[in-house]
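The values are calculated or read from the model by the stated rules, or taken from the named source; none is laboratory data. Values in this document were obtained by computation on a predicted structure and should not be read as measured data. A quick note on method: Cβ atoms are made from the backbone with ideal geometry, for glycine too, and the neighbour counts reach across all protein chains shown. What goes into the accessible areas is simple: the full protein's heavy atoms, side chains included, and nothing from ligands, DNA or RNA. Shrake-Rupley method; radii C 1.70, N 1.55, O 1.52, S 1.80 Å.
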Amino acid sequence: MSKYIFKRILLMIPTLVGAAVIVFFLLRAIPGDVCVLKMAGTGMYADPEAIRICQQELGIDKPLILGIDTQFVDFVWGFATFNLGESMWTGKSISGEIGLRFQLSLQVAIMATLTATVFAIPLGTISAIKQDTWIDYIVRTFSISGIAMPSFWLGIMIILGLLIITNKITGEPWMPPIEYTPFWVDPWANMSQLVWPAVATGFRYSAVATRMTRSALLEVLREDYVRTARAKGLLEKLIINRHALKNSLLPVTTVIGLEFAFLMGGLVVTEQVFNLNGLGKLFVESVLASDYTMTQSLVMLVAVVFILTNFVIDILYAWLDPRIRYS
Amino acid sequence: MAVSEVAAEGIVLEDSRDTFGQKVWDLVRRKPLGAAGAFVVLFLLVIALLADFITVYDPVKNSYDSMHVPPNAEHWMGTDQFGRDILTRIIYGARTALLVGFVASFIGSTLGLMLGVTSAYFGGRFDLIFQRIMDIFMSFPLIIMALAVVSIMGTGTDKVIFAIMIPFIPRCARVVRASALAVREIPYVDAARTLGFNHKRIILRHMVPNVMAPYLIMLTSFMGQAILLEASLSYLGLGVQEPTPAWGLMLQGGAEEYAESAPWIPIFPGLAITIGVFAFNLLGDAVRDTLDPRLRSQ
């Protein structure tokens, strides 16, 4: 197992470096110079001396890639040491800005994953066992609509529903709080703020996982060992729980893991709807403001999270299924 | 005379089994969900093309004397915060959505097709390096990649198409490459090489036509995703810009603020997105089932 993990870590390095190269060139692909853009906007006069100082500060007067003291080395080193430099516009430390918002986004991501898993596995299982009955059709409609429905619209509809329902019950419309309170300070305030975004993000997620559970289970139910279990007269409940479900959960684990990595994408829109000050919102704001240094760091962060999640899934997969370890 | 008439009728009867209507009916019976999806897509296409003739209001002109009008006989879906008719904007929005959806997924998957086939054809080290590059590109979620492109290129309909197209390329290339690897081993490719055809001709005339199935599967499955992605980007203010009517854009700019006082403003555009994407997904599933039954379990 440790040999397998070591091999996986080695395979991860070229992907990380490759992602760094892509993100690195992202900033350099903008037409014109970041500093000219910052000083002069579009078409105004800028003091050449000020531009030179700015270039020096951002380190973009150095050679691009070839050599030791280059922009690329700075960029990778910055990432390795969690020192990502400063935001182009506000001058605040990027690591600091990300650190402030990381907790909130991570919590929503974890809650969305939990919501998704809790719904997806039972629903997918029922749907597979009762294949082609009305229960199956309802679950499938739910999962296809979950994939089609934009999470930001679901978020707006949740807010609308909350407003109408609370207005009916208490006579006063209620909105989730906007200020973030850590869970250990006030669990109730924390939950009432984040539960709805988690549901809006988790709906699509659980739709994907439900589909996967259903098709994986259907496949396993056609296996010979399931027929053997049935032939020896085992209870259907035991067959499902002990034989089928265990084996079908492997691909489901992958999907849940992969979707976790993609949650960042979902958060970009949900945080906007619920006005949450998380990483997704920071991303959108930095793109809107053409804050290239911030955008670059965030894109890289997403790639790192994705690659690390993939790594964890691979390890988990090998741990769950010994066949993978030895091949 | 009478005999030949009967004979002619017989032929007509025989032919009628294969008429277009019969084929459509056959499809509806075998793939009811796919046919429903195709029907909705066709419907959207028609209203998008005929938008100028079937709407009575101006989709972009503000009219401040009819703001926030609830749905009624004149404005079936009400009006928005600028007094524009929502139904009109949804119909014109279908134009934007389909344009972005079709163009982005077509260009994206076609580039992916070319790259994937070329990579499989040449094989060896070129293929290996190329695949690693594709892997790296795929470690960015669709919307993050699209946002990164928007941050460089800026916003607007043409740029959005470009931003959505980019992340499709590696996804299609990977699937197409897998099929092309098998095609490469078939003797007619060797035969073509022995005949002295150049690489370009072998790739375009001998390999590409044989990987059409995975290509079409990816192409149709991208369309729903492209529409959803366009709506998300426009909602964030990073896609199609006002006053162009677009579904995602209609949800932006305080749709949630008006949620309680004017719920029709956010409800209808969101429904349009959901139904549109739903239809494209159903169509995509049907295309996949028809072209490649092995993939059915996914």
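What number of residues within the stretch A:265-282 satisfy the criterion of being more than 7 Å from every other protein chain (Cβ to nearest Cβ) and at negative phi?
Qualifying residue count for the region: 12.
May I ask you to say which residue of A:E172, A:E179 is more than 24 Å from the chain's Cα centre (by Cα) and in a loop (DSSP other than H, G, I, E, B)?
Going through A:E172, A:E179 in turn, just one is more than 24 Å from the chain's Cα centre (by Cα) and in a loop (DSSP other than H, G, I, E, B): A:E172.
Here are some residues: B:L181, B:L128. Which one is of a type outside the set (V, I, T), in contact with a helix residue (DSSP H, G or I) (Cβ under 6 Å, 6 or more places away or on another chain) and farther than 30 Å from B:Y57 by Cβ?
On inspection, the qualifying residue turns out to be B:L181.
Mind counting the residues in the stretch B:150-162 that are modelled with pLDDT of 85 or more, open to solvent by 20 Å² or more (accessible area, probe 1.4 Å) and of a type in the set (V, I, T)?
Qualifying residue count, the stretch B:150-162: 2.
On the phi > 0 side of the Ramachandran plot and of a type outside the set (K, R): is that true of A:G233 in this structure?
Spelling it out, A:G233 is indeed on the phi > 0 side of the Ramachandran plot and of a type outside the set (K, R).
Considering each residue of the stretch B:72-106, count those that are open to solvent by 60 Å² or more (accessible area, probe 1.4 Å), touching a residue at least 12 places away in the same chain (Cβ under 8 Å) and assigned to a loop (DSSP other than H, G, I, E, B), and give that number.
Looking only at that region, the number is 1.
Does the stretch B:122-129 contain at least one residue that is outside any helix (DSSP H, G or I), within 30 Å of A:L308 (Cα to Cα) and either at pLDDT below 90 or away from chain A (no Cβ under 14 Å) (or both)?
Step one: list which residues in the stretch B:122-129 are outside any helix (DSSP H, G or I), which gives B:123.
Within this subset, residues satisfying the condition of being within 30 Å of A:L308 (Cα to Cα) are B:123.
Subset that is either at pLDDT below 90 or away from chain A (no Cβ under 14 Å) (or both): B:123.
Taking every residue of the stretch B:122-129 in turn, at least one turns out to be outside any helix (DSSP H, G or I), within 30 Å of A:L308 (Cα to Cα) and either at pLDDT below 90 or away from chain A (no Cβ under 14 Å) (or both).
Every residue, every condition in (1) under 25 Å from B:W247 (Cβ atoms); (2) aromatic (F, W, Y), yes or no:
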| site | (1), (2) |
| --- | --- |
| B:S119 | no, no |
| B:G123 | no, no |
| B:F130 | no, yes |
| B:D135 | no, no |
| B:S139 | no, no |
| B:I143 | yes, no |
| B:A163 | yes, no |
| B:V189 | no, no |
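Would you mind telling me which numbered condition in (1) under 16 Å from B:P263 (Cα atoms); (2) without any contact (Cβ under 8 Å) to a residue 12 or more places away in the chain B:H68 fails?
Looking at each condition in turn, B:H68 falls short on (2).
Checking the structure you have, find out if any residue of the stretch B:52-60 is more than 30 Å from B:R184 (Cβ to Cβ), touching a residue at least 60 places away in the same chain (Cβ under 8 Å) and surrounded by fewer than 23 Cβ atoms within 10 Å (Cβ to Cβ).
Filtering the stretch B:52-60 down to residues more than 30 Å from B:R184 (Cβ to Cβ) leaves B:52-60.
When the remaining residues are screened for being touching a residue at least 60 places away in the same chain (Cβ under 8 Å), the result is B:59-60.
From what is left, the residues that are surrounded by fewer than 23 Cβ atoms within 10 Å (Cβ to Cβ) are B:59-60.
Yes, the conditions are met somewhere in the stretch B:52-60.
Has the stretch A:177-188 got at least one residue that is open to solvent by less than 30 Å² (accessible area, probe 1.4 Å) and either at the interface with another protein chain (Cβ under 7 Å from one of its Cβ atoms) or out of contact with any His (no Cβ under 6 Å at 6 or more places or on another chain) (or both)?
No - not one qualifying residue is present in the stretch A:177-188.
Looking at the stretch A:12-33, can you tell me whether even one residue there is within 12 Å of chain B (Cβ to nearest Cβ), more than 18 Å from A:S297 (Cα to Cα) and at pLDDT below 75?
yes
Take A:S105 and tell me if it is at pLDDT below 85, open to solvent by less than 40 Å² (accessible area, probe 1.4 Å) and either within 14 Å of chain B (Cβ to nearest Cβ) or out of contact with any strand residue (DSSP E or B) (no Cβ under 9 Å at 6 or more places or on another chain) (or both).
Spelling it out, it is not the case that A:S105 is at pLDDT below 85, open to solvent by less than 40 Å² (accessible area, probe 1.4 Å) and either within 14 Å of chain B (Cβ to nearest Cβ) or out of contact with any strand residue (DSSP E or B) (no Cβ under 9 Å at 6 or more places or on another chain) (or both).
Within the stretch B:260-282, restricting attention to residues that are open to solvent by 20 Å² or more (accessible area, probe 1.4 Å) and under 14 Å from B:A36 (Cβ atoms), which residue is nearest to the other protein chains (Cβ to nearest Cβ)?
Only one residue fits best here, namely B:F278.
Considering each of A:M88, A:M149 in turn, give the residue that is buried (at least 22 other Cβ atoms within 10 Å of the Cβ), in contact with a Lys or Arg (Cβ under 9 Å, 6 or more places away or on another chain), farther than 24 Å from B:S221 by Cβ and of a type in the set (A, V, I, L, M).
Only one candidate qualifies: A:M88.
Does the stretch A:68-75 contain at least one residue that is part of a loop (DSSP other than H, G, I, E, B), open to solvent by 70 Å² or more (accessible area, probe 1.4 Å) and modelled with pLDDT under 85?
Taking every residue of the stretch A:68-75 in turn, at least one turns out to be part of a loop (DSSP other than H, G, I, E, B), open to solvent by 70 Å² or more (accessible area, probe 1.4 Å) and modelled with pLDDT under 85.
Output the number of residues of the stretch A:129-168 satisfying the condition of being farther than 18 Å from B:A36 by Cβ and at the interface with chain B (Cβ under 9 Å from one of its Cβ atoms).
13
For the stretch B:177-234: of the residues being in a helix (DSSP H, G or I) and aromatic (F, W, Y), which is most open to solvent (accessible area, probe 1.4 Å)? Don't jump to the end; show me each part of the working.
Here is the first cut: in the stretch B:177-234, the residues in a helix (DSSP H, G or I) are B:177-184, B:187-194, B:199-234.
From the residues that got through so far, the ones that are aromatic (F, W, Y) too are B:188, B:215, B:222.
Values: B:Y188: 84, B:Y215: 17, B:F222: 4 Å².
Among those that are in a helix (DSSP H, G or I) and aromatic (F, W, Y), it is B:Y188.
Taking the stretch B:236-246 only, how many residues are open to solvent by 10 Å² or more (accessible area, probe 1.4 Å) and facing chain A (nearest Cβ under 9 Å)?
In the first step, residues of the stretch B:236-246 are kept if they are open to solvent by 10 Å² or more (accessible area, probe 1.4 Å); the result is B:237, B:241-245.
Keeping just the survivors that are facing chain A (nearest Cβ under 9 Å) gives B:237.
Final tally of qualifying residues: 1.
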